[in-house]
Amino acid sequence: MERSYGIEVENLVREFKKGPRAVDGVSLSVSPGEVYGFLGPNGAGKSTIVLMLTTLLPPTSGTARVAGFDIVKEGSGVRASIGAALQEAALDPFLTGREHMNLQASLHGLARKERKVRGDELLERVGLSEAAARRVRGYSGGMKRRLDLALALVHRPKILFLDEPTTGLDPQSRSALWDEVAHLAREDGVTVFLTTQYLEEADMLADRVGIIDEGRIVAEDTPEALKAEIGRPSVEATPADFGKLDAVSKVLGRFGEAVPASSGSAAVRLEHGDLATVVRALDAEGIEMANLQLNSPTLDDVFLEKTGRSLEGSSDGEESDG
């Protein structure tokens with residue numbers, strides 16, 4: 001019988017000493033060949049779940065199967081089926097990119113002749129061919145991330161775990177990594193479990209998104225369906241005179257509930273009326289506007305709706321136990 005290269009998680013829990021539950025009864029299912037985006041702020045439990053699903057951390061309770069293997073009872077089967085690029089890349093600064101590839105291929109049991117072919121193929125694929133002979137200590141952050149991705153792909157895994165793979169990368173490096181992830185899923189049929197705190201990343205790459213907060217999944221669906229649940233756009237207004245901001249807020253309050261806005265601006269989720277009626281109301285109060293815009297729903301709006309707070313900027317600290 002052909003093995004299903006998906007992920008099944010049922011009521012997974014992880015408790016740490018002297019702290020709350022980092023993961024509090026998470027259940028989810030990822031189909032073979034699907035890109036599943038796990039979206040949430042620092043400390044939400046994303047990384048803890050990845051560590052459990054990759055057998056690096058035992059669950060307190062609950063069950064999970066990765067590529068059909070139980071993560072507790074059949075850990076070797078899980079590890080043979082997956083690739084993983086975690087937050088901290090385990091790279092030796094004194095080895096070159098090519099030496100890293102050769103070592104990883106050797107550890108996975110590839111024949112000597114195949115090691116070089118596979119290594120060169122992957123280095124070219126992630127744009128590191130020209131830097132292959134350089135020691136990793138001279139690589140930029142983006143280059144290290146791309147090398148880590150190549151290392152995770154050496155043995156042609158059917159399931160790939162990426163834990164916040166683009167954190168700290170410049171826009172060009174981030175875009176290049178997004179392209180490679182999309183290629184893996186669309187062209188190679190790899191199942192991708194992607195954790196991120198970037199809304200754009202989840203929106204662009206994921207077939208489905210699970211939003212996690214404080215160890216629990218608060219929403220799950222396609223990005224389009226999640227945004228459609230919110231439905232209503234928001235209006236953000238910036239007065240020409242900052243002293244008029246309170247007056248602007250009062251006018252906007254007639255049309256809906258306040259939502260987070262940029263500094264010097266006020267915003268509401270429209271419950272009735274449209275942009276034209278808002279403009280007329282502001283004109284009637286004699287308030288001159290520097291900017292007025294209508295914004296379509298985003299995944300951050302979904303997070304706000306489900307948790308009562310904004311995902312963007314919700315946590316500035318490093319993620320711990322989560």
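The values are calculated or read from the model by the stated rules, or taken from the named source; none is laboratory data. Not measured: the values here are computed from a predicted model. Counting neighbours? That spans all protein chains shown, and the Cβs are built from the backbone with ideal geometry, glycine included. The protein model used for the area step is the full one, side chains on, heavy atoms only, and it has no ligands, DNA or RNA in it. Shrake-Rupley method; radii C 1.70, N 1.55, O 1.52, S 1.80 Å.
Residues of region 198-234 being part of a strand (DSSP E or B), over 15 Å from the mean Cα position of the chain (by Cα), of a type outside the set (D, E, K, R) and closer than 22 Å to residue 26 by Cα, which ones? Walk me through how you get there before you give the answer.
Within region 198-234, the subset part of a strand (DSSP E or B) is 208-213, 216-221, 234.
Remaining after also requiring over 15 Å from the mean Cα position of the chain (by Cα): 216, 218, 234.
Imposing the further condition that a residue be of a type outside the set (D, E, K, R) reduces the set to 218, 234.
218, the sole residue that qualifies.
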note = Residue hits (region 298-310; open to solvent by 30 Å² or more (accessible area, probe 1.4 Å), touching a residue at least 60 places away in the same chain (Cβ under 8 Å) and either part of a strand (DSSP E or B) or not polar (S, T, N, Q) (or both)) are 305, 306
task = Could you check, for region 230-237, whether at least one of its residues is basic (Lys, Arg) and buried (at least 19 other Cβ atoms within 10 Å of the Cβ)?
result = no
task = Please find, within region 165-174, the residue that is modelled with the highest pLDDT out of those that are within 27 Å of residue 52 (Cα to Cα) and open to solvent by 40 Å² or more (accessible area, probe 1.4 Å).
result = 174
Residue list for region 72-102, restricted to those being within 20 Å of residue 59 (Cα to Cα), assigned to a helix (DSSP H, G or I) and charged (D, E, K, R) = 79
message = Being touching a residue at least 12 places away in the same chain (Cβ under 8 Å) and either assigned to a loop (DSSP other than H, G, I, E, B) or in contact with a helix residue (DSSP H, G or I) (Cβ under 6 Å, 6 or more places away or on another chain) (or both) narrows it down to one residue among 249, 262; which is it?
response = 262
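Taking region 33-65 only, how many residues are assigned to a loop (DSSP other than H, G, I, E, B) and touching a Pro at 6+ places or on another chain (Cβ under 9 Å)?
Keep residues of region 33-65 that are assigned to a loop (DSSP other than H, G, I, E, B), which gives 33-34, 40-45, 54-60.
In the following step, the residues that additionally are touching a Pro at 6+ places or on another chain (Cβ under 9 Å) were identified as none.
Going through region 33-65 one residue at a time, the tally reaches 0.
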query = In the list 202, 219, which residue meets the criterion of being touching a Pro at 6+ places or on another chain (Cβ under 7 Å) and either over 28 Å from residue 165 (Cα atoms) or surrounded by 19 or more Cβ atoms within 10 Å (Cβ to Cβ) (or both)?
reply = 202
inquiry  = Which condition from (1) open to solvent by 50 Å² or more (accessible area, probe 1.4 Å); (2) under 19 Å from residue 195 (Cα atoms); (3) modelled with pLDDT under 95 is the one that residue 15 breaks?
reply    = (2)
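Can you tell me which residue among 276, 240, 261 is surrounded by 15 or more Cβ atoms within 10 Å (Cβ to Cβ) and either under 27 Å from residue 9 (Cα atoms) or of a type in the set (A, V, I, L, M, F, W, C) (or both)?
Working: 276 fails: surrounded by 15 or more Cβ atoms within 10 Å (Cβ to Cβ); 240 fails: surrounded by 15 or more Cβ atoms within 10 Å (Cβ to Cβ).
Only one candidate passes the filter, namely 261.
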ask   = Which is buried (at least 17 other Cβ atoms within 10 Å of the Cβ), of a type in the set (A, V, I, L, M, F, W, C) and free of Cβ contacts under 8 Å to residues at least 40 places away in the same chain, of 66, 78, 35?
value = 78
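Only residues that are hydroxyl-bearing (Ser, Thr, Tyr), part of a strand (DSSP E or B) and in contact (Cβ under 8 Å) with a residue 40 or more places away in the chain: list them for region 12-32, please. Can you show your working first?
First, the residues of region 12-32 that are hydroxyl-bearing (Ser, Thr, Tyr): 27, 29, 31.
This time we only want the ones that are part of a strand (DSSP E or B), so: 27, 29.
Correct list: 27 only.
Table: residues versus (1) buried (at least 21 other Cβ atoms within 10 Å of the Cβ); (2) modelled with pLDDT of 95 or more.
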| residue | (1), (2) |
| --- | --- |
| 26 | yes, yes |
| 45 | yes, no |
| 61 | no, yes |
| 73 | no, yes |
| 97 | yes, yes |
query = When you go through 268, 251 one by one, which is the residue that is open to solvent by less than 60 Å² (accessible area, probe 1.4 Å), farther than 30 Å from residue 201 by Cβ and modelled with pLDDT of 85 or more?
reply = 251
task = Search region 123-146 for residues being assigned to a loop (DSSP other than H, G, I, E, B) and either of a type in the set (Gly, Ala, Ser) or in contact with a His (Cβ under 8 Å, 6 or more places away or on another chain) (or both), and hand back the single one that is least open to solvent (accessible area, probe 1.4 Å).
result = 132
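Considering only residues that are assigned to a helix (DSSP H, G or I) and not hydrophobic (A, V, I, L, M, F, W, C), look in region 276-290 and name the one that is nearest to the chain's Cα centre (by Cα). Before you say what the answer is, go through the steps one by one.
Looking only at region 276-290, we keep the residues that are assigned to a helix (DSSP H, G or I), and these are 276-284.
Then keep just the ones that are not hydrophobic (A, V, I, L, M, F, W, C); that gives 277, 280, 283.
Details: 277: 37, 280: 40, 283: 42 Å.
Out of the qualifying residues, it is 277.
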Sole residue being open to solvent by less than 50 Å² (accessible area, probe 1.4 Å), part of a helix (DSSP H, G or I) and touching a strand residue (DSSP E or B) at 6+ places or on another chain (Cβ under 6 Å), chosen from 177, 149, 162 = 149
